[in-house]
Amino acid sequence: VKDEGRGTLRFFEAAMDEQLQARRRIEHELSGAIPRGELQLHCQPIVNGRTGVIETFEALIRWHHPERGCVPPAEFIPLAEQSEQILRIGAWVLDTACAAAATWPQPWRVAVNVSPKQFRQPGFAVSVAAALTRHGLPPRRLVLEITEGVFIQDAAMAVEVLTALRSLGVRLALDDFGTGYSSLSYLQRFKFDKIKIDQSFVRRLGQHADTLTILRAITHLGHNLGLQVTVEGVETPEQLAILRELGCDQMQGYLFARPGPMAALSELEPERLRA
Ligand code: C2E
Ligand code: CA
Ligand code: CA
Ligand code: CA
């Protein structure tokens with residue numbers, strides 16, 4: 001029994017070693033990804049829920065790895081968040097997104113995902129202001145997508161930063177709404193401009209009768225608090241019909257468009273992008 005236990009332990013140790021090495025390798029490779037030009041922004045339209053007209057493009061990062069091809073953000077953003085790398089990546093995303101949006105037709109906004117660590121970095125609001133000025137992008141054309149992770153550790157500080165960002169004139173969205181532990185309590189702490197209901201709700205729409213009830217309740221709650229309500233992950237006409245009926249303000253999902261290279265946008269005419 002003793003030997004067997006030791007064997008199992010060794011097996012786990014070897015597996016953990018391998019995991020750790022794989023992580024170290026990705027971390028190392030990621031640190032050179034910006035200078036090598038391997039990071040790219042894709043973007044996906046967010047359309048008006050009633051008219052289908054494009055209002056915003058969400059910037060979504062892509063890593064084109066020389067050997068492994070396109071690495072999805074779910075595989076490297078969480079890793080980058082464990083080190084200081086997310087700060088450099090976040091700054092690059094903000095700068096690149098503002099530069100691109102400044103060349104787009106006037107009404108379009110750009111939405112940028114902000115990681116909690118990036119948000120908590122001293123001087124974050126100042127760096128946002130600097131990016132806007134650098135590229136001449138009017139603040140109201142930038143939406144920052146924040147998750148409730150920013151409130152953990154120091155909620156009072158988070159509210160201070162959010163207030164500073166608000167005074168710049170940028171828009172603030174609470175992303176992944178409904179997936180955390182206390183999404184509701186954060187609506188009381190700060191008045192966001194909009195909530196983005198996590199796509200897991202839309203996905204369960206056809207499968208779970210209660211999901212419709214929950215979506216309706218969240219939408220009413222958002223509207224009663226004076227917030228816009230965005231749903232993401234809309235893939236089918238059936239989902240679209242239900243969400244229209246609920247009165248969701250904005251929609252995003254494969255039904256309208258998949259994310260595509262941001263660079264391609266500057267070449268398109270606004271009329272051609274109407275969903
Ligand atoms: P998120 O902010 O919730 O982004 C929405 C994700 O849903 C994107 O995945 C998007 O491609 C995907 N999506 C959009 N419509 C549909 C649909 O109809 N069906 C399905 N199944 N999926 C859809 P993506 O691009 O892989 O990004 C995943 C996550 O990575 C994002 O979730 C965000 O948390 C993070 N992320 C992406 N870019 C950045 C970034 O620049 N900075 C930071 N900090 N995080 C980022
Ligand atoms: Ca987002
Ligand atoms: Ca989301
Ligand atoms: Ca998400």
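The values are calculated or read from the model by the stated rules, or taken from the named source; none is laboratory data. Model, not experiment: these values are computed from the prediction. Every residue, glycine among them, receives a Cβ derived from its backbone with ideal geometry; neighbour counts consider all protein chains shown. Side chains included, ligands, DNA and RNA excluded: accessible areas come from the protein's heavy atoms. Shrake-Rupley method; radii C 1.70, N 1.55, O 1.52, S 1.80 Å.
Of the GluC sites (Glu not before Pro) found in the stretch 189-247, those in coil by DSSP whose Cβ has at most 16 other Cβ atoms within 10 Å are Glu235.
Close amide H pairs (under 5 Å, H built 1.01 Å from N) link Gln250 with Gly49, Val229, Thr230, Val231, residues at least 5 positions away or on another chain. Solvent-accessible area per residue in the chain equals 53 Å², computed with a 1.4 angstrom probe and all protein chains kept. Seen against the Cα atoms of the chain and their longest principal axis, helix 124-135 is set at about 60 degrees.
In the distance distribution for the stretch 71-190, Cα-Cα pairs more than 22 Å apart total 33 percent. Applied to the stretch 46-52, the Karplus parametrisation 6.51 cos²θ - 1.76 cosθ + 1.60 on θ = phi - 60° returns per-residue 3J(HN,Hα) values of 10, 9, 5, x, 8, 9, x Hz, with x for Gly and Pro. In this structure the amide hydrogen of Glu235, modeled in the peptide plane, comes within under 5 Å of the amide hydrogens of Leu255, none closer than 5 places in sequence on its chain.
Under 5 Å between amide H atoms, partner at least 5 residues away or on a different chain: which partners does Cys43 have, H built in plane at 1.01 Å? Under 5 Å from the amide H of Cys43: Leu60, Gly260, Met262. Helix 209-224 and the longest principal axis of the Cα set of the chain meet at an angle near 60°.
Among Ala131, Ala155, Gln252, flag the residue with its Cα farthest along the positive direction of the charge dipole of the chain, charges on Cβ as +1 for Lys/Arg and -1 for Asp/Glu. Towards the positive end, the residue furthest out is Ala131. Taking the longest Cα principal axis of the chain as reference, the axis of helix 85-101 is set at about 30 degrees. Two numbers describe the Cα atoms of the stretch 152-275: Rg and Dmax, which are 16.3, 45 Å.
Computed over all pairs of different Cα atoms, the Kirkwood value for the hydrodynamic radius of the chain is 20.2 Å.
Karplus-based coupling profile of the stretch 30-36, in residue order and whole Hz: 5, 5, x, 5, 5, x, 7, with θ = phi - 60° in 6.51 cos²θ - 1.76 cosθ + 1.60 and x standing for Gly or Pro. For the stretch 126-205, the set of chymotrypsin sites (Phe, Trp or Tyr not before Pro) satisfying both a DSSP loop assignment and a count of at most 11 other C-beta atoms within 10 Å is given as Tyr181.
Each residue of the stretch 16-27 is assigned a 3J(HN,Hα), and the resulting list reads 5, 4, 4, 4, 5, 5, 4, 5, 4, 5, 4, 4 Hz, derived from the Karplus form 6.51 cos²θ - 1.76 cosθ + 1.60 (θ = phi - 60°), x at Gly and Pro.
In the stretch 141-262, the portion of solvent-accessible area held by carbon and sulfur atoms comes to 51 percent [1.4 Å probe, whole percent, DNA, RNA and ligands not counted].
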